[in-house]
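For reference, the structure discussed in these notes is given below.
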Amino acid sequence: MNRRTLLGTVASVGVAALTGCLSEGGEDSTPSATETGTPTPTPPPDPTLTDVTFTVSGRRSGTETDSATVSADGGSVVVEGTIWGSDGCQTAELPRVNYDGAADGLTVPVETAGRADAGDSCTQAIVEIAYTATITFENGPPGTVVVTHDRGDGPATITTTSL
């Protein structure tokens with residue numbers, strides 16, 4: 001065997017072995033990539049309907065007036081409006097409210113109805129009936145409120161308000 005070839009091979013193997021040993025356990029100049037996970041924010045809870053109040057605040061002779069304003073006060077939605085009735089025996093009522101959590105929308109359907117205390121005779125004039133509806137929510141008010149009026153001929157949208 002050629003002695004120079006043998007010495008060259010042994011020297012190469014030795015250098016390679018030493019290089020491997022030196023790199024193991026030493027500090028790596030490239031920092032390891034660590035995952036810096038950002039926590040996913042928890043969405044706020046949906047509004048939950050907790051209370052509904054409805055009052056008729058006045059009745060007077062007038063015209064065919066339909067109006068409503070919507071405001072939010074903390075977790076409450078306040079609707080103040082006027083619906084008209086065909087005669088003096090009419091009043092306003094709120095038979096229900098409809099809250100759709102998926103659409104984040106509230107519908108307030110105000111209707112006219114016969115007054116229980118009207119008796120047998122009523123004026124034959126248009127009456128304007130003022131009302132206030134307060135709908136209370138836990139976790140804040142809904143995003144949209146639609147107020148409808150129905151005088152027996154089907155509901156008509158009076159206002160749509162984004163809160």
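The values are calculated or read from the model by the stated rules, or taken from the named source; none is laboratory data. Worth saying up front: this structure is predicted, and the values here are computed from it rather than measured. Note: ideal-geometry Cβ built from the backbone for every residue, glycine included; neighbour counts use all protein chains shown.
Below is a table of values for the structure above.
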read-out	value
Selection status of Thr91, in a strand (DSSP E or B), surrounded by fewer than 18 Cβ atoms within 10 Å (Cβ to Cβ) and either at pLDDT below 95 or β-branched (Val, Ile, Thr) (or both)	no
Scope segment 83-97; condition hydrophobic (A, V, I, L, M, F, W, C) and under 13 Å from Thr65 (Cβ atoms); matching residues	Ile83, Trp84, Ala92
Tally, over segment 119-163, of residues that are β-branched (Val, Ile, Thr) and surrounded by fewer than 16 Cβ atoms within 10 Å (Cβ to Cβ)	5
Unmet criterion (only one of (1) touching a residue at least 40 places away in the same chain (Cβ under 8 Å); (2) more than 23 Å from Arg60 (Cα to Cα)) for Arg96	(1)
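One line per residue, one yes/no per condition, for (1) more than 13 Å from Asp150 (Cα to Cα); (2) of a type outside the set (A, V, I, L, M); (3) more than 26 Å from the chain's Cα centre (by Cα):
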position: Leu49; (1), (2), (3): yes, no, no
position: Val52; (1), (2), (3): yes, no, no
position: Gly62; (1), (2), (3): yes, yes, yes
position: Thr65; (1), (2), (3): no, yes, yes
position: Trp84; (1), (2), (3): no, yes, yes
position: Pro95; (1), (2), (3): no, yes, no
position: Ala102; (1), (2), (3): yes, no, no
position: Pro109; (1), (2), (3): no, yes, no
